[in-house]
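These notes are about the structure you will find just below.
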Amino acid sequence: MKQESKTSFSWRKVTESRLFFPFSALALILLFDLIFVPGFFNVQVRDGNLYGNLIDILRSGSTVILLAIGMTLVIATGGVDLSVGAVMAISASVAALMINPYVLATQLSPETQRLISDPNFTNQPLWVVVPVTLIVASLCGLWNGILVSYARIQPMVATLILMIAGRGIAQLITNGVRIQIFYEPYSFIANGWVIVPFPLYIVAFMFTLTWLLTRRTAIGLFIESVGVNARSSFFSGIDEKRIKLLAYTFCGFCAGMAGLVASSNIKTSDANNIGLTLELDAILAVVIGGTLMAGGRFSLLASIIGALVMQATTISMYAIGVPANAVMAIKGLVVILVILLYSEQVRNVLRRLTAQRKEA
Amino acid sequence: MKHKIGAFVSTNRRFIPLFATALLFFIAYGVGAGFFQGMRDPQIFLNLFRTAPFLIIAAVGGTFVILTGGIDLSVGGVIALTTVASAALLRAGWDPWIVMLLMLTMGVALGATMGWFITYLKVQPFIATLAALWVTRGLCFFISDDSISIDHPTYKLLSQTKILIPGLSDPATKEGDFISLLVVLAFVVLAMAMYVAHYTPFGRAVYAIGGNEQSARLMGLPVDRTKVLVYTLSGFCSALAGITLSIYVGSGHGLYAMGFELTVIAAIVMGGTMLTGGAGYIFGTLFGVLILGVTQTLIQFNGQLSSWWTNIVVGALTLVFIGVQSFLAAPKSRRPSDQMAGLMLRRNRKSLLMGAGTVLAMIVLGAFLFRMIIPSTESTACTLKPFRQDQAASLIQGGAVIAYERHGGPACIDELYAIYPDGRIKGDDGDRTVEKQATPAEVETLLSGIQNLGWFTEDIYSTWHTPCGQCYTYYISVSHDGQQKTVQAVDGGTDAPSDYWQVVSLINGLIPRLP
């Protein structure tokens, strides 16, 4: 017995690692692609830029990854933010309104019409649009944070309010108009390529920023301690309210970033559809990444892998020709499978089974 | 006096959210009826129920789940799957009653599976029901990508049976104000749920679990069994709501009931049930549903507000109700341990914040009401032209096979078209006229199409009521093969028979546009 534990020590260390399950889920999906989708791993080089299914997974997954980064912190405090999809819609509307407010007029002279379809025309330059949008999104997050930490409303309910009202607000901002964005620098945010797609740089920047913020300062530890037990953290001198406020505000910030990427990708402010049901994707990405919904320890990298698992499933289902709407069912099954693997009960049963086999 | 009110409030504290919801509903409807002539029509009030039986049924099931402190996000998916599956089975020639039974079994099985995952595998309710939502919605598209229409006579009968309200209708002519069978079903479900929640051991266990699961377990209550049963019940209600919806709209599609789970939760919260569980009433959920309905009706009648205001108003109302609830629940949470911990809720700051939140929500509501009232007092809106039904009738006398009038809407149009058997189509809106020459064959195709849709049968009937602010009134008279029938209906209220709008779109396809 003792000997066995000695030989399998390194293996156990691997399986007990936080990243083991998300990584193996991702590996399984990629293995599926390797067998069933010929040419899935092909990467082409055009004009020095990389294209291919793998790059696609990263590019189209970037919005969910951005959301998942913020969501990880919120879930780690023991909360949840249902409003990120709506905040994405709000930020898309704000950005579009700042770039092109003229379309709200009922009558456009042909001259204005020509002017606003010019790719270099914008009402406000990009360096104004992006910060203002992010500030608005952070304010939305702050609103959630105040409701949760100071008004002590249950997180799911508190964020539900903005989730319901948010899309209405987003449409109110643009007066229900789907604003088209012709401004070239703005569409570069999602559609630009510098060897790899530009959104990946945003993801890398946000990940590094968040990682430094949580792992090189004490904030990460504070968040985890609030998630494990808010009261005892309070006694240890951690202002749990302020930590929660920070987490929700940051989550709003990330949602704003995701909203910029999403609206720049489709070059419109589509308040009805931008970020629709993405809050669910983001939450599941975090859960697949192994962060408990009850709060506590978190891993940013695991959440990102979780988001990639979801995106890889979607892209590979598209690749084998499953209709877009039916992919949901497959995604649901993947989620159930992963959740079952995480469940203590199932793990106990599996452990018992393997133990029996060893004895036999 | 003040003392008396205080005593009354404290003894009936738990009923306050219910009262508040009911009061808000009646005030909102009363204000609406004061401003809009059309809302005084009893049929408009009855339409609040007629357009929402599935919402009532689904919300009743959801209330049980939320009372235990859980959440069920799968409602919309189960409803969509039920509509698609039953439409597909009916198309394949199954007996409708067997289909319904099968759908209910499916709902029960889905609910029980979710309950089992949540109770025994300790999966978070949020995650388990979310996965179920995705699976069920995805499955719809494995069955069919497109909408499947249901034209089984049993379903038609169920959707078209009118239950006339005594006193507001004429039993001889079968005309007047009415509700549908589905509304009766919804009320039966509501009554049964109220009985189960308040007068059975199961109901008591539900409340106990929502109050404190640990103590419920220590009291020896069957916690696990109750939790599984609650999700099973919700699955059953969702399937029943799905059947109701498929009867109501006469078709099945995977995109039906999108975001329905949120509507259900909003209705439950506005009905005074605490999302933390343990407090609330099934009856309140009915008023939650009605408030949603009255918000939509007001926006529709106003005619100037866009539909997204519904979302903002519902969000603000949710905030107000949560504010009311947490204010009422606050003394309860002042447990000794909390005080000892020095973490006692700072009532002052808390109520200040709650007050600020409520004021904010009130401002939003106020802005909404303000915008709602302004256009109706200032007559910037257009004035309706008189309805020309006599002229339309004379067109038929003059040899036209179809007389079609479209009247009202935000721009107050009044277009009257006549289609003649030789293919001439004439239209005018009082000032301008338009003419088009179609072939006699086209007219014949149109007429037989209209006849095939059941124009001359009992299936299509007039559903005229007082029009709302932005609705159109349609007057269609068709004469074909020696038969002649005139039907008049208003859109906006979704009470017209299912094939009626297909006839309208057929006619719209042929007539020319006014310049």
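Points worth noting:
- Flag if A:LEU284 is facing another protein chain (nearest Cβ under 9 Å), among the aliphatic types (A, V, I, L, M) and within 17 Å of A:ILE69 (Cβ to Cβ): yes
- Qualifying residue in the range A:235-251 (condition: surrounded by fewer than 23 Cβ atoms within 10 Å (Cβ to Cβ) and under 28 Å from A:ARG178 (Cβ atoms)): no
- Residue tally, condition free of Cβ contacts under 8 Å to residues at least 60 places away in the same chain, part of a loop (DSSP other than H, G, I, E, B) and on the phi < 0 side of the Ramachandran plot, over the range B:387-405: 2
- All positions within the range B:272-296 that are of a type outside the set (A, V, I, L, M) and away from every other protein chain (no Cβ under 14 Å): B:TYR281, B:PHE283, B:GLY284, B:THR285, B:PHE287, B:GLY293
- The lone criterion from (1) assigned to a strand (DSSP E or B); (2) touching a Phe, Trp or Tyr at 6+ places or on another chain (Cβ under 8 Å) left unmet by B:PRO166 is number (2).
- Those helices (runs of 4 or more DSSP H) lying entirely in the range A:277-348 with at least 1 residues without any contact (Cβ under 8 Å) to a residue 12 or more places away in the chain and over 22 Å from A:ALA258 (Cα atoms): A:300-319, A:327-342
- Note on the range A:92-188: enclosed helices (runs of 4 or more DSSP H) holding 1 or more residues that are over 20 Å from the mean Cα position of the chain (by Cα) and either under 30 Å from A:VAL80 (Cα atoms) or within 11 Å of chain B (Cβ to nearest Cβ) (or both) are A:126-145, A:155-173.
- 3 or more residues at pLDDT 80 or above, under 27 Å from the mean Cα position of the chain (by Cα) and surrounded by 19 or more Cβ atoms within 10 Å (Cβ to Cβ): qualifying strands (runs of 3 or more DSSP E) within the range B:406-474: none
- Test: B:GLY398 is farther than 15 Å from B:GLY509 by Cα, surrounded by 12 or more Cβ atoms within 10 Å (Cβ to Cβ), among the small types (Gly, Ala, Ser) and out of contact with any Phe, Trp or Tyr (no Cβ under 7 Å at 6 or more places or on another chain): no
- A search for C-beta distances below 9 Å between a residue of the range B:237-256 that is modelled with pLDDT of 95 or more and any residue that is acidic (Asp, Glu) and buried (at least 24 other Cβ atoms within 10 Å of the Cβ), counting only pairs 6+ apart in sequence or on different chains, returns B:SER238/B:ASP72.
- In the range A:246-275, the residues that are outside any helix (DSSP H, G or I) and within 15 Å of the chain's Cα centre (by Cα): A:ILE274, A:GLY275
- Residue that is surrounded by the fewest Cβ atoms within 10 Å (Cβ to Cβ), among those in the range B:245-269 that are within 11 Å of another protein chain (Cβ to nearest Cβ) and more than 15 Å from the chain's Cα centre (by Cα): B:LEU255
- Only helices (runs of 4 or more DSSP H) whose full extent lies in the range B:1-89 are considered here, and the ones with at least 1 residues that are in the same structural domain as B:PHE283 (by TED's automatic domain parsing) are B:16-35, B:42-50, B:53-67.
- Filter result (more than 11 Å from every other protein chain (Cβ to nearest Cβ) and β-branched (Val, Ile, Thr)) within the range A:80-91: A:VAL84, A:VAL87, A:ILE90
- The residues on offer are A:ILE153, A:ILE179, and the sole one that is at pLDDT below 90 and touching a strand residue (DSSP E or B) at 6+ places or on another chain (Cβ under 7 Å) is A:ILE179.
- Residue match in the range B:224-244 (condition: more than 14 Å from chain A (Cβ to nearest Cβ), surrounded by fewer than 20 Cβ atoms within 10 Å (Cβ to Cβ), assigned to a helix (DSSP H, G or I) and among the hydrophobic types (A, V, I, L, M, F, W, C)): no
- Scanning the range B:79-133 for residues that are among the β-branched types (Val, Ile, Thr), within 14 Å of another protein chain (Cβ to nearest Cβ) and under 21 Å from B:PHE54 (Cβ atoms) returns B:VAL84, B:THR129.
- Annotation: A:MET293 fulfils all but one of (1) surrounded by fewer than 23 Cβ atoms within 10 Å (Cβ to Cβ); (2) more than 26 Å from A:PHE23 (Cα to Cα); the unmet one is (2).
- Residue match in the range B:206-222 (condition: touching a strand residue (DSSP E or B) at 6+ places or on another chain (Cβ under 9 Å), part of a helix (DSSP H, G or I) and either buried (at least 20 other Cβ atoms within 10 Å of the Cβ) or not hydroxyl-bearing (Ser, Thr, Tyr) (or both)): no
The values are calculated or read from the model by the stated rules, or taken from the named source; none is laboratory data. Note that the coordinates shown come from a computational prediction; the quantities given were computed from them, not determined experimentally. Methodologically, a virtual Cβ is constructed for each residue, glycine included, from the backbone with ideal geometry; neighbour enumeration extends over all protein chains shown.
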